[in-house]
Amino acid sequence: MKIFICITLSMFSVLAYANDNFAACGNNEQARLLAEMIIKDAEQQRSVIRCNKLLTKVATDKAQLMVKSGLVMHNLGGSPNERLREVNYQLPSYYGGAMSNQVEAIAGGYSDAEDVWDGFKNSFGHRQHLLGEIDFYREQDELGIAFVRKWESPHVEYWAVYLTKGFKKNQSNPFAGKKLPNKGTLILIEPSKLQIKPEVQQPN
């Protein structure tokens, strides 16, 4: 009986720890569910992804800014890379600056985590980033997500995902001389929410 109680308590502690970890990954239940889908996807190429509260806060601020403006746009209020540096998140020195985006995925009009994850996975550039399908993205290991809904706004639902590399002192640039990916114009909008033909608005 005592052994059973100990095992039960131990399992509860592990579950509580896991829930706490995912809690840092999103601003609400749907955001945390998307984080879990990204981390646990069978095609995820990274061995480790950590939840980061600061990234979740930045994602929340970005989603709310998109709601306020009614736009799904990376360079809204500055580039995603610069947005992180402004809140003292230390990106690797070789990441781009103004107008650069190696860290952010955004979407509008997707009603839940399953819906938007399906959209991201079917968009080549987003898939590369979020599943770590190329070397540059594969080394990114910290995640924060936000989901905001406002019925009166043009897209109703807004998603912001920040997935980037945690800073390490004295790290070298393993991509020296190579062109880094830049998602500056890559956005995802649910086709049924568009005012024009969906094929015109598909991500590049």
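The values are calculated or read from the model by the stated rules, or taken from the named source; none is laboratory data. Note that the structure is predicted; figures quoted are calculated from it, not measured. When we count neighbours, we look across all protein chains shown, and the Cβ atoms used for this are built from the backbone with ideal geometry, even at glycine. In case anyone asks, the SASA skips ligands and DNA or RNA and just uses the protein heavy atoms, side chains included. Shrake-Rupley method; radii C 1.70, N 1.55, O 1.52, S 1.80 Å.
I want to confirm something. Restricting to the range 83-131 and keeping residues that are in a helix (DSSP H, G or I), within 17 Å of Thr60 (Cβ to Cβ) and of a type in the set (D, E, K, R), which single residue is least open to solvent (accessible area, probe 1.4 Å)? Applying the filter and picking the extreme gives Arg83. When the residues of the range 77-130 are filtered to those that are over 20 Å from Gln45 (Cβ atoms) and among the acidic types (Asp, Glu), the one that is farthest from the chain's Cα centre (by Cα) is Glu86. Taking the numbered list (1) farther than 23 Å from Ile39 by Cβ; (2) modelled with pLDDT of 85 or more; (3) within 15 Å of the chain's Cα centre (by Cα) in turn, Ala160 passes all entries but (1). Here Pro80 fits the description: open to solvent by less than 20 Å² (accessible area, probe 1.4 Å), more than 17 Å from Cys25 (Cβ to Cβ) and touching a strand residue (DSSP E or B) at 6+ places or on another chain (Cβ under 7 Å).
Annotation note: of Met37, Met66, Met73, the sole residue that is surrounded by 14 or more Cβ atoms within 10 Å (Cβ to Cβ) and in contact with a helix residue (DSSP H, G or I) (Cβ under 6 Å, 6 or more places away or on another chain) is Met37.
For Met11, the requirement of being open to solvent by 60 Å² or more (accessible area, probe 1.4 Å), in a helix (DSSP H, G or I), at pLDDT below 95 and of a type in the set (A, V, I, L, M) is met.
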